Amino acid sequence: MTLDEFLLACQRLADDAPARIAVAASPSEFAEVRTQLVGRKQGRLADLMAQLAALPPEARRDAGRAVNEVKSRIEALLDEREALVAAAARGAAAQDLTMPARRRWRGSLHPVTLVIDEIAEIFRELGFTIALGPEAETEFYNFTSLNFPADHPAMELHDTLYLGDDTLLRTHTSPVQVRTLQQYAPPVRILAPGNVYRRDFFDATHAPSFMQLEGLAVDEGISFVDLKATLSEFARRFYGGTRRVRFGPSYFPFVEPGAQMDVEVDLGDGKGTRWVEILGCGMVHPNVLEAAGLDSERYTGWAFGMGPARIAMSRHGIPDIRILYDSDVRFLEQFAR
Ligand code: DAH
């Protein structure tokens, strides 16, 4: 054997050792690999030592140094791994097996989503289907077709987020009324949930983007009686059978007459019951029906719009709307079902 061959054999032993050591997991396995690799009487290092004596005398110094280096590297690795495995074993023995397992984390629906789903289910039973419209809307659908006069303050730049000359982020879900009536012939009964956008500050009671739920019923012979009966029935189902509701006059350009519906709620703050406005509503303005291409002499309808976030707040006694946007798991978890 030449010196080069000897050095190569040393290198090979050094290269093989880590993989062999990595699989040792018990004291007896460590003793075994230790013997195989660096045992004094047998094993690969012992073989190298035997060959060392057969090398020419001038090569022995380098060869000896190489073999010693490999030996101490392998021994260090063995000691390190063995200490690690022993420490892990001690840790395992010290584990408290009666400790409850860590709970598996499950996501849940957002409280506002839950409100929308629940309301959608009630209106589904009353014959309404879901309709959706775009969040980037035109002035025609968001304002003009809904009977907003050209100088209505809602159209101002400081109230509305414009995307271009004629396009904007819809300020309400009412444009879905006209889009639906253009697409489907009456009878129409739809519920339209979706995001809306306004230039509002983000404070305890306002958010620049929030959810709305729009409702629309159009057919021949629909009257204010249908509006009152349907919305009262909705309130009874949503809030409980004994809940009182009341209607009062209100104004929106796309309804005539316009109204608001209040529900008597107990927010659980010890102050007893109070009236809370939960939606705006009214009979669809003839101009809106005409803008959608319908004969307003033949068809009538009613509509409503509400903010499910407000409803979730009044239902759960949530004091600040911002918590609904915070993604704080400690808050959201409480609604997990
Ligand atoms: N679009 C109104 C808003 O954003 C809400 C509304 C009021 C919708 C009355 C309606 C309605 O359909 O009849 O404030």
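Asn287 meets all of the listed conditions (1) within 16 Å of the ligand (Cβ to nearest atom); (2) surrounded by 21 or more Cβ atoms within 10 Å (Cβ to Cβ); (3) part of a helix (DSSP H, G or I) but one, namely (2). Scanning the stretch 220-278 for residues being of a type in the set (Ser, Thr, Tyr), within 26 Å of Asn142 (Cβ to Cβ) and under 35 Å from the mean Cα position of the chain (by Cα) gives a total of 1.
Name the residue that is nearest to the ligand (Cβ to nearest atom), counting only residues in the stretch 254-263 that are in a strand (DSSP E or B) and surrounded by 17 or more Cβ atoms within 10 Å (Cβ to Cβ). Only one residue tops the list, namely Val255. A residue that is in the same structural domain as Asn147 (by TED's automatic domain parsing), part of a helix (DSSP H, G or I), more than 33 Å from the chain's Cα centre (by Cα) and at pLDDT 95 or above cannot be found anywhere in the stretch 295-315.
The requirement of being of a type outside the set (A, V, I, L, M), closer than 25 Å to Ile122 by Cα and either free of Cβ contacts under 8 Å to residues at least 60 places away in the same chain or surrounded by 21 or more Cβ atoms within 10 Å (Cβ to Cβ) (or both) is satisfied by Gly215. Note on the stretch 240-253: among residues that are in a loop (DSSP other than H, G, I, E, B) and either closer than 21 Å to Ile119 by Cβ or of a type in the set (S, T, N, Q) (or both), the one that is nearest to the ligand (Cβ to nearest atom) is Phe252. Residue pairs whose Cβ atoms lie under 8 Å apart, separated by 6 or more positions or on different chains, with the first residue in the stretch 41-52 and under 12 Å from Gly64 (Cα atoms) and the second at pLDDT 85 or above and not in a helix (DSSP H, G or I), are Leu45/Gly39.
Scanning the stretch 155-185 for residues that are in a loop (DSSP other than H, G, I, E, B) and surrounded by fewer than 18 Cβ atoms within 10 Å (Cβ to Cβ) yields Glu156, Leu157, His158, Asp159, Leu161, Leu163, Gly164, Asp165, Asp166, Tyr184, Ala185. Residue under question is Arg44, and the condition is that it be surrounded by 13 or more Cβ atoms within 10 Å (Cβ to Cβ), modelled with pLDDT of 90 or more and more than 30 Å from Val329 (Cα to Cα); does it hold? For Arg44, the condition - surrounded by 13 or more Cβ atoms within 10 Å (Cβ to Cβ), modelled with pLDDT of 90 or more and more than 30 Å from Val329 (Cα to Cα) - is not met.
Yes/no per residue for (1) within 18 Å of Leu114 (Cα to Cα); (2) touching a Ser or Thr at 6+ places or on another chain (Cβ under 7 Å); (3) of a type in the set (D, E, K, R):
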site: Val265; (1), (2), (3): no, yes, no
site: Asp269; (1), (2), (3): no, no, yes
site: Pro286; (1), (2), (3): no, yes, no
site: Gly293; (1), (2), (3): no, no, no
site: His316; (1), (2), (3): yes, no, no
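Scan the stretch 136-157 and tell me whether some residue there is away from the ligand (no atom under 12 Å from the Cβ), touching an Asp or Glu at 6+ places or on another chain (Cβ under 7 Å) and either touching a residue at least 24 places away in the same chain (Cβ under 8 Å) or not assigned by TED's automatic domain parsing to the domain that holds Ala235 (or both). Yes, that holds for at least one residue.
Among the residues of the stretch 264-281, are any in a strand (DSSP E or B), over 18 Å from Arg315 (Cβ atoms) and within 12 Å of the ligand (Cβ to nearest atom)? For the stretch 264-281, residues in a strand (DSSP E or B), over 18 Å from Arg315 (Cβ atoms) and within 12 Å of the ligand (Cβ to nearest atom): present.
Just a yes or no: is a residue in the stretch 227-244 assigned by TED's automatic domain parsing to the domain that holds Asp262 and either farther than 30 Å from Ile318 by Cα or in contact with a Pro (Cβ under 9 Å, 6 or more places away or on another chain) (or both)? No, the stretch 227-244 has no match at all.
Apart from one condition, Glu214 fits all of (1) more than 12 Å from the ligand (Cβ to nearest atom); (2) outside any loop (DSSP other than H, G, I, E, B); the exception is (1). The requirement of being touching a residue at least 24 places away in the same chain (Cβ under 8 Å), surrounded by 17 or more Cβ atoms within 10 Å (Cβ to Cβ), over 21 Å from Pro134 (Cα atoms) and not small (Gly, Ala, Ser) is satisfied by Arg237.
The values are calculated or read from the model by the stated rules, or taken from the named source; none is laboratory data. Note that the structure is predicted; figures quoted are calculated from it, not measured. No Cβ is skipped: glycine too gets one built from the backbone with ideal geometry, and neighbour counts run over all protein chains shown.
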